[in-house]
1. In this structure, is Ile80 open to solvent by less than 30 Å² (accessible area, probe 1.4 Å) and under 18 Å from the mean Cα position of the chain (by Cα)?
2. Would you be able to tell me the number of residues in region 183-229 that are open to solvent by 40 Å² or more (accessible area, probe 1.4 Å), outside any loop (DSSP other than H, G, I, E, B) and of a type in the set (D, E, K, R)?
3. Would you please name the residue that is farthest from Pro157 (Cα to Cα), looking only at residues in region 222-263 that are touching a Ser or Thr at 6+ places or on another chain (Cβ under 8 Å) and small (Gly, Ala, Ser)?
4. Among the numbered conditions (1) surrounded by 12 or more Cβ atoms within 10 Å (Cβ to Cβ); (2) at pLDDT 90 or above; (3) part of a helix (DSSP H, G or I), tell me where Thr88 comes up short.
5. Could we say that Asp63 is out of contact with any helix residue (DSSP H, G or I) (no Cβ under 7 Å at 6 or more places or on another chain), among the charged types (D, E, K, R), assigned to a loop (DSSP other than H, G, I, E, B) and surrounded by 16 or more Cβ atoms within 10 Å (Cβ to Cβ) here?
6. Taking Pro157 and the conditions (1) crowded, with 18+ Cβ neighbours inside 10 Å; (2) closer than 26 Å to Met46 by Cα; (3) without any contact (Cβ under 8 Å) to a residue 40 or more places away in the chain; (4) of a type outside the set (Lys, Arg), which numbered condition does it fall short on, given that it satisfies the others?
7. Can you report the number of residues in region 253-277 which are modelled with pLDDT under 90 and either surrounded by 19 or more Cβ atoms within 10 Å (Cβ to Cβ) or of a type in the set (Gly, Ala, Ser) (or both)?
8. Return yes when Gly123 is touching a Pro at 6+ places or on another chain (Cβ under 6 Å) and open to solvent by 20 Å² or more (accessible area, probe 1.4 Å) and no when it is not.
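The values are calculated or read from the model by the stated rules, or taken from the named source; none is laboratory data. If you're wondering where the values come from, they're calculated on a predicted model, not measured in any experiment. Using ideal geometry, Cβ is built from the backbone for each residue, glycine included, and neighbour counts are taken over all protein chains shown. Ligands, DNA and RNA are excluded from the accessible area calculation, which covers all protein heavy atoms including side chains. Shrake-Rupley method; radii C 1.70, N 1.55, O 1.52, S 1.80 Å.
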Amino acid sequence: MSGFQQEAVLGCSTADLDHVRTIVTRAGTSFAKGMKILPAERRYGMFAVYAFCREVDDIADGDVQVADCNSALQDWHARIERLYEGETRDALDRVLVATISRFGLRKQDFAAVIDGMAMDANGPVIAPDEATLDLYCDRVASAVGRLSVRVFGDSSPAADKVAFHLGRALQLTNILRDIQEDADKGRLYLPRELLVRYDVPLDPQEAVYARGLDPLARIVAVRAADHFREARRAMKQCDTVAMRPARIMAASYRPILTALLRRGWQHPERPVKVSKPGRILRSLLAYYR
């Protein structure tokens, strides 16, 4: 892309766009590659949303040096307020303001993401009740979805419904996949009510060895599958082109849930094997549907 072409993207300078793209590529995920299917404006809009999420997530996880995590996250609340008043102070601010203006992103969705990160920053989440777990999933996943579907090109109630269900499906799948990894960090995201019902200890390290973990996790897996199904149903009411990234994400993640169910949770430390060719094929099929 030439400098002249890049200058026109969201009305932002080449330097500002490069800065936001660097935050994305430095994270080392496949996100940047996945967003290549989007036109330039939407692609850089998603880079801005991702960069925001990356920065607040790094604060919550302690991956950046700050005096106080909660204070740093509160600073982000104030920063979002400034952005909606048009005040910018750096490259990320400028691309975020352009993205907010171009795609009609809602302030409350940014605030929800920050509040979700604060739930982790306030100490490890251990055995939340059902309502708290659902709130956590909404903040850290579905709120990101609500921002994303607008950048993708659909701001309808049906698109918000996709974000609601797909965000929860993805987050529950992550929780089920990462039980051992989370336990090593002192975290246990499984709902307290089910832990008690299946006589699984509320201590993260003890929970991974409990006999009741497998039937408990299978209930959560059914919930995740239900959310995948409802997200797919809602997508049919949305703009087909706009939903391509969401369809691809669902098609890429759903096999992880299937593989987890096949492996079970009697040995949650064992890695989950998902056929890479199969995931690519499902993603391609999702793109053209």
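1. no
2. Residues flagged as open to solvent by 40 Å² or more (accessible area, probe 1.4 Å), outside any loop (DSSP other than H, G, I, E, B) and of a type in the set (D, E, K, R) within region 183-229 amount to 9.
3. Ser252
4. Of everything listed in (1) surrounded by 12 or more Cβ atoms within 10 Å (Cβ to Cβ); (2) at pLDDT 90 or above; (3) part of a helix (DSSP H, G or I), Thr88 misses just condition (3).
5. No.
6. Result: Pro157 fails condition (1) only.
7. Number of matching residues: 1.
8. no
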